[in-house]
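Have a look at the structure below, then the notes.
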C-alpha cells in the first residue's frame, strides 16, 4: 500500500511506535519555534531540564504576540528571551520582525522537515510541505533538548481540489467552506492532506492560509505537496536549495476524501462566536460594520496585502468604519513601501499596525461595545477580541476591504472590475532582525537576564492511589483555551508569572473560580465535548494546576490541550456514559479510587458524596501514566524519562 505525504515524513522521522492509527508514535523533530506569549515558559522549562544547548537542526524564538510595552513586564520578558536564546543555541527574531508563522514560511520552513511550535497555528508550515505541529511549551522544550515528540498516530483525510478560484474568492473561503463541512471537531485525530488538480492553482501563501485554518478543525496538522509552486516560492526567497519534491503515492489510502470544486465557491463568513458558524457573505448584506481588521498569521502575506492595496487604491473607507492593517513581516511591510502599495493603504484612511499578532489576540484594536468587527483572523471566540460583547466575524481580505468601503458586510464579487496583482519574481531578503546565538564555546559565560515578573515554575503533585476533591467548576461544550486562560493586553504581560495570571483563570465563565479553587485545595473540573479547543497555550493547564486542579472529566478533549494537561500533571478522563455529565453538580465532593490500577486498565471509578457512582475512561499510554504518576513531564524528564 502506498503512503500519504504525512505518512512518508512520519516514517522518515519515526523513533519508536507503530504507525497504526490510534497508536502512540515518537518523532524526531528537526525544527522548533516559540513565540513570546508561550515562549518564556518554554525556556524556563528548558532551563529546568539542565541541558546546555539545543539539539535540533534549527530553533527560533519569535517575539510577535505581546509587543505593546506599557510597563516593564514585556520589555523584561523580551530581554530574557533574547538572552536565554543566545545562551542555548536558539535564533531570536526581534520584535517587529513579524509573525512567527509568516516569517517561518518565508525564511526557514523546509519541505519534508518536522516542526513543532508552542503556538497552535504552527501547521501553517504545511503550506510549504512541512509536517508542522502545534504543541505545548513543555513538549517544545523536550524537543529542543533532543527528546522525541509523541503523538497518537492520526487518521488520514484528503481534500481533493478541482477547478480554480474565481476573482474575489480566496483561500480563506476554502478554509471556511471546510469548516462548514466538518465543524471545529471534524478534524480531530486526523491529518488533512490537500491534493487534486486544483492545488497547482494555489500559491504558497494561499496554501499557508489553508493549513493555518486547519487548526480550527481540530486537526493534528494539515499539509500540501511540495511541487513546482513550492520550488518557485523558495527560489524567490533566495533558498531554492531547500526544495524537496513531496507527493503522496498514487495508491495511498485515506480514511475520508472530501471533494471541493474551487470554481463553485462563494465568499464565506464565520459568524460569532465560532469559526465553524459559516454562511455565505451575500446572506448578511444588511449587517452594519463598525470595525475591520486585516492581518494575523492567516492573512498577512505580501500577496494578501497587495490585493488589499489594489482594492483600496483611490478609495476612502466608510466614515463609520475603523480599519486596521497589520503586515505579517518586515519583509512584507518593506516591499509594500517600496512598491507604493503602502501609500494606497494609508491614503484610504486605514491605520497600519506593527508587524505582529496584535488584534488577533486582543492586543489592541478591540471593537467598541457590541461592535461588529470583521477580521481576517482564524478565531472569533467570545471575548477574544478584548471586548466581551464584540461581534466578531471571520472573512477574507477581499471581503474585509469591500465591507470597509461600504460600511456593511459586502460580497466582494459584487465589485465591478478585475483585481490584477502581480507577485515579484524575487522577495526582498534581509534577515538582520534575526539574531544568531552566541558560539557554543562562549555559551557557558553568556548571561541570562531575568526581570522581577519572571517567577519560579509552579510545582505539580504526583498522584497517589486515591483522590477526593471538590467539583469546583462545571462547564459546557467547546470550552476554549481563551475561556480557561484569556490572552489580551491585560493578562499576557504576566505570562511568566503564573500566580498573577491565576487571577484571570476562567474569567469568561466564572470570575469566582480562582478563589474557590484555591479554597478547595484539590479540585476537579467537569466539561462537555471538545474541552480545551483553540490555542496551544499551556498556561490553560499550568494555571489550573497551580490553583489545585488535579483532574478534568469531559465528554471529549482537544488534542493539544489533553497533552498539556498530562504534561502539567492533571489527569484527563472522559465519561464512559456521557449522560453522567448531567447528574453532576458543581460543589459535589468526588472520590476517584484505585487510580494506579485504574489507569493501567483504562477505567476509573468515581463516587460523589451522595453515593452516586460512575465510570470514566483514561486511554493513556504507559509513558503518559508514568508522567502523571511522576507529577508532570518536567518531573518525569528529571527522572530520566526524556
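The values are calculated or read from the model by the stated rules, or taken from the named source; none is laboratory data. Everything numeric here is computed off the predicted structure, so don't read it as measured data. Ideal geometry is used to build each Cβ from the backbone, glycine not excepted, and the neighbour counts take in all protein chains shown.
The table for this structure:
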{"read-out": "Residue check for residue 302: more than 22 Å from the chain's Cα centre (by Cα) and crowded, with 21+ Cβ neighbours inside 10 Å", "value": "no"}
{"read-out": "Residue selected from the range 209-227 under the condition assigned to a loop (DSSP other than H, G, I, E, B) and touching a strand residue (DSSP E or B) at 6+ places or on another chain (Cβ under 7 Å), by the criterion nearest to residue 264 (Cα to Cα)", "value": "224"}
{"read-out": "Residue in the range 431-444 that is out of contact with any strand residue (DSSP E or B) (no Cβ under 6 Å at 6 or more places or on another chain), closer than 21 Å to residue 137 by Cα and surrounded by 20 or more Cβ atoms within 10 Å (Cβ to Cβ) present", "value": "yes"}
{"read-out": "Condition broken by residue 503, with the remaining ones in (1) surrounded by 17 or more Cβ atoms within 10 Å (Cβ to Cβ); (2) at pLDDT 90 or above; (3) farther than 30 Å from residue 87 by Cα satisfied", "value": "(1)"}
{"read-out": "Qualifying residue in the range 584-599 (condition: under 24 Å from the mean Cα position of the chain (by Cα) and in the same structural domain as residue 493 (by TED's automatic domain parsing))", "value": "no"}
{"read-out": "Check on residue 127, modelled with pLDDT of 95 or more and within 19 Å of residue 533 (Cα to Cα)", "value": "no"}
{"read-out": "Test set (1) under 22 Å from residue 226 (Cα atoms); (2) not in a loop (DSSP other than H, G, I, E, B) - residue 181 fails condition number", "value": "(1)"}
{"read-out": "Residue check for residue 27: surrounded by 18 or more Cβ atoms within 10 Å (Cβ to Cβ), over 15 Å from residue 146 (Cβ atoms), in the same structural domain as residue 150 (by TED's automatic domain parsing) and in contact with a helix residue (DSSP H, G or I) (Cβ under 6 Å, 6 or more places away or on another chain)", "value": "no"}
{"read-out": "All positions within the range 616-635 that are in a helix (DSSP H, G or I) and touching a residue at least 12 places away in the same chain (Cβ under 8 Å)", "value": "623, 624, 625, 626, 627, 628, 629, 630, 633, 634, 635"}
{"read-out": "Tally, over the range 289-298, of residues that are assigned to a loop (DSSP other than H, G, I, E, B) and either modelled with pLDDT under 95 or touching a strand residue (DSSP E or B) at 6+ places or on another chain (Cβ under 9 Å) (or both)", "value": "5"}
{"read-out": "Candidates 260, 181, filtered to the one that is surrounded by fewer than 21 Cβ atoms within 10 Å (Cβ to Cβ), assigned by TED's automatic domain parsing to the domain that holds residue 135, out of contact with any helix residue (DSSP H, G or I) (no Cβ under 7 Å at 6 or more places or on another chain) and modelled with pLDDT of 95 or more", "value": "181"}
{"read-out": "Counted residues, the range 57-78 - those being in contact with a strand residue (DSSP E or B) (Cβ under 7 Å, 6 or more places away or on another chain) and under 20 Å from residue 438 (Cα atoms)", "value": "7"}
{"read-out": "Qualifying helices (runs of 4 or more DSSP H) (wholly inside the range 446-546; at least 1 residues being touching a residue at least 24 places away in the same chain (Cβ under 8 Å) and within 30 Å of residue 436 (Cβ to Cβ))", "value": "539-546"}
{"read-out": "Yes/no for residue 230 being more than 18 Å from residue 123 (Cβ to Cβ), surrounded by 24 or more Cβ atoms within 10 Å (Cβ to Cβ), outside the structural domain of residue 378 (by TED's automatic domain parsing) and out of contact with any strand residue (DSSP E or B) (no Cβ under 6 Å at 6 or more places or on another chain)", "value": "no"}
{"read-out": "Any hit, the range 81-97, residues being assigned to a loop (DSSP other than H, G, I, E, B), within 26 Å of residue 225 (Cβ to Cβ), touching a helix residue (DSSP H, G or I) at 6+ places or on another chain (Cβ under 6 Å) and outside the structural domain of residue 542 (by TED's automatic domain parsing)", "value": "no"}
{"read-out": "Residue satisfying condition, being closer than 30 Å to residue 625 by Cα, outside the structural domain of residue 513 (by TED's automatic domain parsing) and in contact with a strand residue (DSSP E or B) (Cβ under 9 Å, 6 or more places away or on another chain), within set 455, 461", "value": "461"}
{"read-out": "Matching residues in the range 79-113 - criterion: being out of contact with any strand residue (DSSP E or B) (no Cβ under 6 Å at 6 or more places or on another chain) and more than 20 Å from residue 205 (Cβ to Cβ)", "value": "79, 80, 83, 84, 86, 87, 88, 89, 94, 95, 96"}
{"read-out": "Residues (over 23 Å from the mean Cα position of the chain (by Cα) and in a helix (DSSP H, G or I)) located in the range 46-57", "value": "47, 48, 49"}
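Table: residues versus (1) in a helix (DSSP H, G or I); (2) farther than 18 Å from residue 9 by Cβ; (3) out of contact with any helix residue (DSSP H, G or I) (no Cβ under 9 Å at 6 or more places or on another chain).
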{"site": "175", "(1), (2), (3)": "yes, yes, no"}
{"site": "194", "(1), (2), (3)": "no, no, no"}
{"site": "200", "(1), (2), (3)": "yes, yes, no"}
{"site": "207", "(1), (2), (3)": "yes, no, no"}
